[in-house]
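Only one structure is covered here, and it is reproduced in the block below.
The values are calculated or read from the model by the stated rules, or taken from the named source; none is laboratory data. Just so it is clear, the structure is predicted and the values come from calculations on it, not from any experiment. Positions of Cβ are generated from backbone atoms using ideal geometry, with glycine treated the same way; all protein chains shown enter the neighbour counts.
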Amino acid sequence: MSELGKLFKFKKKVDIVDDVGRTLTTVYMRLVGDSDYNFARNESLAISRQLRVKLRDKDTPEYIATFSDLDVLTREEKTISIVTSEITDYRDEAMIKFGIEKLPELNVDEPTLEQQEEHQQAVKNYKEERQKQLFDFMQKRSEERKEELSKLTDQELYDKYINSTINNRCMEAFVLAFREYCVYKSVFTDEKCTKLAFDNFSDFQNCATKLKTQLLSAYTGLEIGGEDLKNL
């Protein structure tokens with residue numbers, strides 16, 4: 001296998017433990033490939049779509065559970081909910097505005113202790129300033145959005161809140177389903193990663209919470225770091 005090919009078949013052994021840390025069994029995890037990735041995405045989109053349909057039907061349990069307090073919410077509460085759901089959008093805007101992080105470099109082959117100290121301080125100052133820039137931008141966008149929403153009629157704000165909440169719930173459902181599908185397709189019982197540990201996705205969904213939590217956590221950490229690259 002080529003060195004580049006190894007990058008896309010990165011895997012690791014995962015010990016499943018009980019409450020006191022004793023190993024119950026061992027499985028193997030591998031990053032999902034394009035086929036499984038697309039499968040997970042398509043299935044997750046279907047789940048999100050199904051939830052969206054239910055949340056738009058006032059007679060469904062999903063709608064009732066989500067909007068049971070709708071009629072008692074104040075304008076301020078609806079506004080805060082909408083703005084909060086858009087925070088990640090404001091952060092994305094900030095990242096585009098200020099660009100990628102560019103830490104100060106220490107361009108000295110054999111830096112003195114003082115130069116290392118100064119570089120460390122420069123990095124700290126840069127990070128603090130960048131965080132302040134991002135925070136201030138997001139705060140400004142939040143206030144601007146609140147001002148925009150304040151100009152809406154009660155009905156317009158009501159509709160905006162409904163749509164915002166539905167979008168938020170569907171995104172949460174999509175992300176969770178996508179993550180779980182990826183994990184389901186990444187767990188094998190053999191080191192060569194040829195036999196899936198679960199017969200189907202339903203089995204994975206219904207497995208013990210502690211087991212699922214360990215597998216989800218292990219997959220999150222299944223990424224290629226600097227040391228892994230050095231060892232290829």
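At-a-glance table
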quantity	calculated
Tally, over region 123-163, of residues that are assigned to a helix (DSSP H, G or I) and free of Cβ contacts under 8 Å to residues at least 40 places away in the same chain	23
The one condition in (1) basic (K, R); (2) modelled with pLDDT of 95 or more; (3) not in a helix (DSSP H, G or I) that K102 fails to fulfil	(2)
Which listed residue, of L222, L215, is in a loop (DSSP other than H, G, I, E, B) and under 30 Å from A40 (Cβ atoms)	L222
Residues of region 57-71 classified as loosely packed, with under 15 Cβ neighbours inside 10 Å and closer than 20 Å to V175 by Cβ, total	1
Test for I82: is it closer than 28 Å to A173 by Cβ, in contact with a Leu (Cβ under 8 Å, 6 or more places away or on another chain) and in contact (Cβ under 8 Å) with a residue 12 or more places away in the chain	yes
Cβ-Cβ under 6 Å pairs, at least 6 apart or on other chains, region 87-113 side free of Cβ contacts under 8 Å to residues at least 60 places away in the same chain, far side of a type in the set (V, I, T) and not in a loop (DSSP other than H, G, I, E, B)	L103/V123; P104/V123
Verdict on Q116 being assigned to a helix (DSSP H, G or I) and either loosely packed, with under 11 Cβ neighbours inside 10 Å or under 22 Å from the mean Cα position of the chain (by Cα) (or both)	no
Breaking point among (1) assigned to a helix (DSSP H, G or I); (2) under 30 Å from E43 (Cα atoms); (3) modelled with pLDDT under 95, for N168	(3)
Region 185-203: number of residues that are in contact with a helix residue (DSSP H, G or I) (Cβ under 8 Å, 6 or more places away or on another chain), in a loop (DSSP other than H, G, I, E, B) and among the hydrophobic types (A, V, I, L, M, F, W, C)	1
Q50, sole failed condition from (1) over 30 Å from E144 (Cα atoms); (2) surrounded by 14 or more Cβ atoms within 10 Å (Cβ to Cβ)	(2)
Exclusive hit being in contact with a helix residue (DSSP H, G or I) (Cβ under 8 Å, 6 or more places away or on another chain), over 29 Å from E62 (Cα atoms) and not acidic (D, E), set Y161, Y219	Y219
Hits in region 137-162 (condition: of a type in the set (K, R) and more than 17 Å from S85 (Cβ to Cβ))	K140, K151
Residues that are under 28 Å from the mean Cα position of the chain (by Cα) and either at pLDDT below 95 or surrounded by fewer than 16 Cβ atoms within 10 Å (Cβ to Cβ) (or both), drawn from region 140-157	K140, E143, E144, K146
The one condition in (1) over 27 Å from the mean Cα position of the chain (by Cα); (2) at pLDDT 95 or above that F137 fails to fulfil	(1)
